[in-house]
Each structure stands twice: as C-alpha cells, then as structure tokens.
1. Could you check, for region 137-156, whether at least one of its residues is over 17 Å from the mean Cα position of the chain (by Cα) and more than 19 Å from residue 189 (Cβ to Cβ)?
2. So which helices (runs of 4 or more DSSP H) stay within region 3-89 end to end and still have 2 or more residues that are among the acidic types (Asp, Glu)?
3. Determine whether region 109-125 contains at least one residue that is crowded, with 21+ Cβ neighbours inside 10 Å, assigned to a helix (DSSP H, G or I), modelled with pLDDT of 95 or more and within 16 Å of the ligand (Cβ to nearest atom).
4. Out of the residues in region 60-106 meeting the condition of being of a type in the set (Asp, Glu) and within 16 Å of the ligand (Cβ to nearest atom), tell me which one is farthest from residue 26 (Cα to Cα).
5. Residue check: is residue 196 within 30 Å of residue 106 (Cα to Cα), at pLDDT 95 or above, in a loop (DSSP other than H, G, I, E, B) and more than 18 Å from the chain's Cα centre (by Cα)?
6. What's the number of the condition residue 137 fails, among (1) assigned to a loop (DSSP other than H, G, I, E, B); (2) farther than 21 Å from residue 44 by Cα?
7. Please go through region 38-66 and pick out each residue that is touching a Pro at 6+ places or on another chain (Cβ under 7 Å), surrounded by 15 or more Cβ atoms within 10 Å (Cβ to Cβ) and over 30 Å from residue 220 (Cβ atoms).
8. Quick one: how many residues across region 217-233 are of a type in the set (Asp, Glu) and more than 16 Å from the ligand (Cβ to nearest atom)?
Amino acid sequence: MITAGSCYVVAEIGINHNGDLGKALTMIRAAAAAGCDAVKFQKRTLDVVYSAEEMARPRENVFGPTNGDLKRGLEFGAEAYDEIDALCRELEVEWFASPWDEASVDFLMGYDTPYLKVASAMLTDRDFLAHCAATGRPLLVSTGMADMPLIEKAVAALEGAGATIACLYHCTSTYPCRDEDLNLLGITTLKARFPHLPIGYSGHETDYLPSLAAVALGALSVERHVTLSRADWGSDQKASLEMAEVAEMVDGIRRLQTCLGDGVIRFLDEEKPIAEKLRRKVTL
Ligand SMILES: C=C(OP(=O)(O)O)C(=O)O
C-alpha cells in the first residue's frame, strides 16, 4: 500500500515479457527478489484500442507480418493472468495492471488487485476515467503528456466521479527520457497543488539516479519499467532497468528513506558524549 512511511516500488513489466508467459513469471520472481512491492502489466482489448487499419498495417515482427500480429502476440489473456495472480500470491508481491479500454477495466476487476493504474495516455478520456472511478478500486494516475490545467481537469473528473486517487505520478512520456526533460521539481509542484494526494514518480530514463532524486523530493511511489535485458527487442526495453539495477535502486530507495528521517530537529543521545567532548562552553 502507498503510505508516507515507505516508498511503494512498482516494477512495470508492461509488455517487456514479449508475449512469453515464462519470461513474465521469471520477471516477477526477479522483481520480488529485488525487493519491489508490486509488479505491473498492461491490458488491452485489441479491437477496441486499435483500428482495423492499425492492426492491418505491415510491420514485420517475430509473430508475423502485421502490427496486429505483434499486438496479439504481446497480449496476455485470462489463463496467463491466472498464473500471474497465483505466482504473485505465492511470492507475496502485489500486482496490478493499466487497462487501456473499458473492457480491460472489467477484465482486471475479475482479480483481487490493490489498484488500477491509469496510464498517461488515458488521462484525457472522460468516459474511461468515469469507468475506472465506478469500480471503486483505488487508482494510480500518471500525468505524462499533460500540463497543469489538464492534470487539474483529470483529477477533478476522477474525484467528481467518486474515485480514490491512491497516487498521482509525475511522468514524462518519452522513451528513454533525457535528463533535461525529467523536470523532477514537478513532484514538488504536484505536492503543493494537490496536498491531499500522495505524489509519486513514473520514470522512463535509462538509469535509476533520477528515481532516487524523486524519492528525495518526496515521491511516495516509484514506477519503473523493468527488463531481463535492455538488448531484448521491444519498444520499451531501452527505457527499462535490468533486474540487478532494480535491486540496487530498491536498496538505494530504502536507504535514502532512512537517511531522510522525519524532519524533526533533535539532539540525539548518541551526540551527547560528542557534545561533552567538543563543546567548550554552554552559556546559552
Ligand atoms: C504507460 C503507462 O504508464 P506511464 O504513463 O506512467 O508511463 C502504463 O501504466 O501503462
């Protein structure tokens, strides 16, 4: 769960499993071993999300000659999600997904997951936002490809429809994202503008330093694309962290949170002998 105490780290497997359930299960195990709190997938109803023309477009790929072959090859159905659900329960790692259409929302509601994720791409679809809100499931909402007025409208639409926003993620939707486009101080801006909402960070850069900085700025959740190898084929692989890096990032986040403390200025018991040794006069 997303709380002030500990950063909720989400390993976004997304479509980096390349349609291979065995690979997805290996990725879940690796993400759990790395200390992630949750793994995440993406769910699409292909004939709703893509037009017939987009599906028929020639695009040579491992599954066949068209874009549709690729999209079908990457999509998991109920049998695969049943296995994902079972493994996550066994490993005690949470899982959820971003639905990209209403039917996928309904599909995901068949599983007892803690959240639905609203991807940046879905932020402008009022009916979709209302459909997510109507589920009653807490929502994690990303804000890539949006300026503040759009984010304000989306938050108002969601809250007006009764949604619980469990986290609002600062995000830049470029893959991989350049340092100069990250604008991490946007986290500070979102915290000030939406003081009632937990603010997080969904990143697409090639390393994890910006994710640590996001936590230092107060991000209560970090979502990062993960992969078994950045050299794998697929559009998101290059904007992903490999599993050893995920483990380093999680260790870094945990340590950083310990270092950040609670902000209360104290005179520690451990400092007292030092004060006795170093302070010449106590006349205040
Ligand atoms: C694309 C997604 O997320 P984001 O907008 O945070 O990158 C997603 O969750 O599917």
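The values are calculated or read from the model by the stated rules, or taken from the named source; none is laboratory data. Computed from a predicted model, the values in this text were never measured in an experiment. Cβ placement follows ideal geometry from the backbone for every residue including glycine, while neighbour counts extend to all protein chains displayed.
1. No: zero hits.
2. On the way: elements: 21-33, 46-49, 52-56, 67-74.
Once the helices (runs of 4 or more DSSP H) in region 3-89 are filtered for at least 2 residues that are among the acidic types (Asp, Glu), what remains is 52-56.
3. No - not one qualifying residue is present in region 109-125.
4. Here is the first cut: in region 60-106, the residues of a type in the set (Asp, Glu) are 60, 69, 75, 79, 82-83, 85, 90, 92, 94, 101-102, 106.
When the remaining residues are screened for being within 16 Å of the ligand (Cβ to nearest atom), the result is 75, 94, 101-102.
Working: 75: 17, 94: 15, 101: 27, 102: 29 Å.
Filtering region 60-106 for residues that are of a type in the set (Asp, Glu) and within 16 Å of the ligand (Cβ to nearest atom), the one farthest from residue 26 (Cα to Cα) comes out as 102.
5. Values: within 30 Å of residue 106 (Cα to Cα): yes; at pLDDT 95 or above: yes; in a loop (DSSP other than H, G, I, E, B): yes; more than 18 Å from the chain's Cα centre (by Cα): yes.
When the stated conditions are applied, residue 196 passes them.
6. Condition (2) is where residue 137 drops out.
7. 66
8. Within region 217-233, residues that are of a type in the set (Asp, Glu) and more than 16 Å from the ligand (Cβ to nearest atom) number 1.
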